[in-house]
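Step one of this worksheet: look at the structure below.
The values are calculated or read from the model by the stated rules, or taken from the named source; none is laboratory data. Given the structure is predicted, the values throughout are model-derived calculations rather than measurements. Because the Cβ atoms are built from the backbone with ideal geometry, glycine has one as well, and the counts that use them run over all protein chains shown. In case anyone asks, the SASA skips ligands and DNA or RNA and just uses the protein heavy atoms, side chains included. Shrake-Rupley method; radii C 1.70, N 1.55, O 1.52, S 1.80 Å.
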Amino acid sequence: MNDKPELNSQINPDDFKAHYWLKEELIAFSKMLKISSQGSKEKVTSRLYEYLVNGVIAPEKPNKAKPFSKNRKEESKGISLEDIISENYKNDQKHRAFFKSVIGSHFKFNVAFINWMKLNQGKTYKEAIVEWNRIHDEIKNGKKFEISKQFEYNQYIRDFFKDNKEKTLENAIACWKGKKQIAGNHSYDRTDLKALK
């Protein structure tokens, strides 16, 4: 059953928070309300919820980062191990190429490393390499890092397969589609398998 309400200015804030929304839906809703749609899915959701509760948005702290074009010029000179991770750091192709050149072709961005990079501006790329290797070793030894709320789909699929090793990705997606249409917790639960009947 689909009890998902329509996204409009009259939506109850608690109904809004209880349902799963695609980022595209949140961006369109933000534009409709004429408020910023910048930032992570979590940030946009929080901003919309605040607006629905209070009717206003608290002013956000200005971004102290250097202009993107200037940062792009700095990065185009190349990256070395002694360089400092800047406020404008991005998980882009240039950084992927750098990390692969130092770590090896097995390098991949992962959520734990991406979060570390965001929280450790001012440290060196040499320190980032050490951290990536530490995280990589933990993953190889079976450690599971918590997936950020904005990646609910990824967490759901991971949990689905932990409980249903014989099922297919198509099965997992069908259960997810059913789950995200209802209010409340969007974590995997065995009862979600009813979507496959």
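Between residue 100 and residue 158, 0.36 nm times their residue separation minus their Cα-Cα distance comes to what? Walk me through the numbers before you get to the answer.
Values: separation 58, 0.36 × 58 = 20.88 nm, distance 2.61 nm.
Difference between extended and current length: 18.3 nm.
Summarise the accessible area of the chain (1.4 Å probe, protein heavy atoms) by the percent that is carbon and sulfur.
Numbers: 6700 of 12830 Å².
About 52 percent, which is the carbon plus sulfur part of the accessible surface.
Quick one: accessible surface of residue 123, probe radius 1.4 Å, all protein chains present, in square angstrom to the nearest 10.
About 80 Å², rounded to the nearest 10.
If we restrict to alpha carbons, what Rg and Dmax does the chain come to, in Å?
Here Rg and the maximum Cα pair distance are 20.3, 57 Å.
Do the alpha carbons of any pairs in 126/165; 144/197; 23/108; 118/177; 17/140; 94/165 sit beyond 27 Å of each other, and which pairs? Please report the intermediate quantities before stating the final value.
Numbers: 126/165 39 Å; 144/197 31 Å; 23/108 24 Å; 118/177 31 Å; 17/140 36 Å; 94/165 36 Å.
In this structure, 126/165; 144/197; 118/177; 17/140; 94/165 exceed 27 Å between Cα atoms.
Using heavy-atom solvent-accessible surface (probe 1.4 Å) with all chains present, what is the largest-first order of 158, 134?
Numbers: 158 75, 134 100 Å².
The ordering from most to least exposed comes out as 134, 158.
What length, rounded to one decimal in nm, is gained on full extension from residue 131 through to residue 118, with 0.36 nm per residue of separation minus their alpha-carbon distance? Walk me through the numbers on the way to the answer.
Numbers: separation 13, 0.36 × 13 = 4.68 nm, distance 1.28 nm.
Contour length minus Cα-Cα distance gives 3.4 nm.
Determine the dipole magnitude for the chain: charges of +1 sit on the beta-carbon of Lys and Arg, -1 on that of Asp and Glu, nothing else is charged, the reference point is the Cα centre, and the result goes in debye to the nearest 20. Kindly include the intermediate steps, with their values, before the conclusion.
Working: 38 positive and 27 negative charges, 105 e Å.
Roughly 500 debye, rounded to the nearest 20.
If you take the square roots of the eigenvalues of the alpha-carbon gyration tensor of segment 94-179 and sort them as a ≥ b ≥ c, do you get rounded (a/c under 1.5), prolate (a/b over b/c) or oblate?
Working: a/c = 2.54, a/b = 2.15, b/c = 1.18.
Taking the square roots of the gyration eigenvalues as a ≥ b ≥ c, segment 94-179 is prolate.
Obtain the nm distance between the two label points defined at residue 86 and residue 108 by a simple spin-label model: each point lies 7 Å from its Cα along the Cα-to-C-beta direction.
2.9 nm
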